[in-house]
Amino acid sequence: MKEEIERFVDYLEHTKKASKNTVISYRRDLLQMADYLAGHEVTEPGKVTKTILNSYILQLERDGKAATTISRVLASIKAFFHYEHCEGVVRRSPAEMLRSPKIERKAPVILTVDEVSRFLKQPDDSTPKGIRDKAMLELLYATGIRVSELVGLKMQDVNTQIGFIVCRDGVKERMIPYGRSADLALRTYLETGRPLLLKGKETDSLFTNLKGEPMTRQGFWKIVKFYGKAAGITADITPHTLRHSFAAHLLGSGADIQAVQTLLGHAELSTTQIYRNYAAASHG
């Protein structure tokens, strides 16, 4: 089973050009499924049944996995067996009739414009770390990109002459402009903060940690939590909070919803439309 999974992962990476995070997620989900199946003496794709897959999903529910996690696992399983069917390994996908659990969509946490202003003023821009943090936070709020896209930015993805960044997700690519505040913070970081953090090291990653190594999602998550607390924000703030706030504030200012959809990289307009309900309130 695991050999078939690795072939599928290779197909995702090299043929479908899926993003790195997608490939990692699918591989992890499928290998965990394979371990469960092996424990029930099922080691070949052709011997997997809808019944055994249902029992695996029920086990995930008993283990307390969130509905969003189970839905993601199901998507991985369905994609894998669809691939196996197309390759002629199985006559029919045993996963095609499996149903995802209902997901209760939580209302996104949206900061007010005043809260964002307080939040962005927290970094100490007299230190290399503070200069970096200021640039990352300003750029995140100015563009609404995902945290994975932010920490994944390379030096060549930034054009300070025109004021835009390039974000890539697999084969998809989008150019996103940023404003004056982000431009000033980014230029300051590139001229003074980044060289001091690198300490002579070389990397094409735009943002680095204090050791001069590429910034991680976990590292930036802690940065956001720290400054949220320092700003006296009581909401459970995460990097995605700034993305939510970016979208709501743009729509509240009268921006075209399809333009916002493009900036966020949403595949469906309905995903962007949820921010309309919070746009007016966020300007309070």
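A compact table of results
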{"quantity": "Residue in the range 65-95 that is modelled with the lowest pLDDT, counting only those that are open to solvent by 90 Å² or more (accessible area, probe 1.4 Å) and among the charged types (D, E, K, R)", "calculated": "Lys65"}
{"quantity": "Single match in Ile223, Ile233 (criterion: open to solvent by less than 70 Å² (accessible area, probe 1.4 Å), outside any helix (DSSP H, G or I), at negative phi and in contact with a helix residue (DSSP H, G or I) (Cβ under 8 Å, 6 or more places away or on another chain))", "calculated": "Ile233"}
{"quantity": "Subset of the range 88-124 (residues that are under 22 Å from Glu44 (Cβ atoms), touching a helix residue (DSSP H, G or I) at 6+ places or on another chain (Cβ under 8 Å) and not hydrophobic (A, V, I, L, M, F, W, C))", "calculated": "Arg91, Arg92, Ser93, Pro94, Glu96"}
{"quantity": "Single match in Ile176, Ile145 (criterion: surrounded by 14 or more Cβ atoms within 10 Å (Cβ to Cβ), β-branched (Val, Ile, Thr), assigned to a loop (DSSP other than H, G, I, E, B) and at pLDDT below 95)", "calculated": "Ile145"}
{"quantity": "Pairs where the first residue, in the range 147-169, is closer than 17 Å to Thr203 by Cα and the second is open to solvent by 30 Å² or more (accessible area, probe 1.4 Å) and hydroxyl-bearing (Ser, Thr, Tyr), C-beta under 7 Å, 6+ apart", "calculated": "Val151/Thr216"}
{"quantity": "Answer residue from the range 237-248, given it is open to solvent by 10 Å² or more (accessible area, probe 1.4 Å) and in a helix (DSSP H, G or I) and is farthest from Arg217 (Cα to Cα) among those", "calculated": "Phe246"}
{"quantity": "Positions within the range 4-59 being surrounded by fewer than 16 Cβ atoms within 10 Å (Cβ to Cβ), part of a helix (DSSP H, G or I), under 28 Å from the mean Cα position of the chain (by Cα) and among the charged types (D, E, K, R), in sequence order", "calculated": "Glu6, Arg7, Asp10, Lys20, Arg28, Asp35"}
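For (1) touching a Pro at 6+ places or on another chain (Cβ under 7 Å); (2) open to solvent by less than 20 Å² (accessible area, probe 1.4 Å); (3) at positive phi, each residue gets a yes or a no:
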{"position": "Ser100", "(1), (2), (3)": "no, no, no"}
{"position": "Ala107", "(1), (2), (3)": "no, no, no"}
{"position": "Phe119", "(1), (2), (3)": "no, yes, no"}
{"position": "Pro123", "(1), (2), (3)": "no, yes, no"}
{"position": "Asp133", "(1), (2), (3)": "yes, yes, no"}
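The values are calculated or read from the model by the stated rules, or taken from the named source; none is laboratory data. Predicted model only: the values in this text are computed from it and were never measured. All Cβ positions, even for glycine, are placed from backbone atoms using ideal geometry, and neighbour counts span all protein chains on display. For the accessible areas, the whole protein counts, side chains as well, though only heavy atoms, and no ligand, DNA or RNA atoms are used. Shrake-Rupley method; radii C 1.70, N 1.55, O 1.52, S 1.80 Å.
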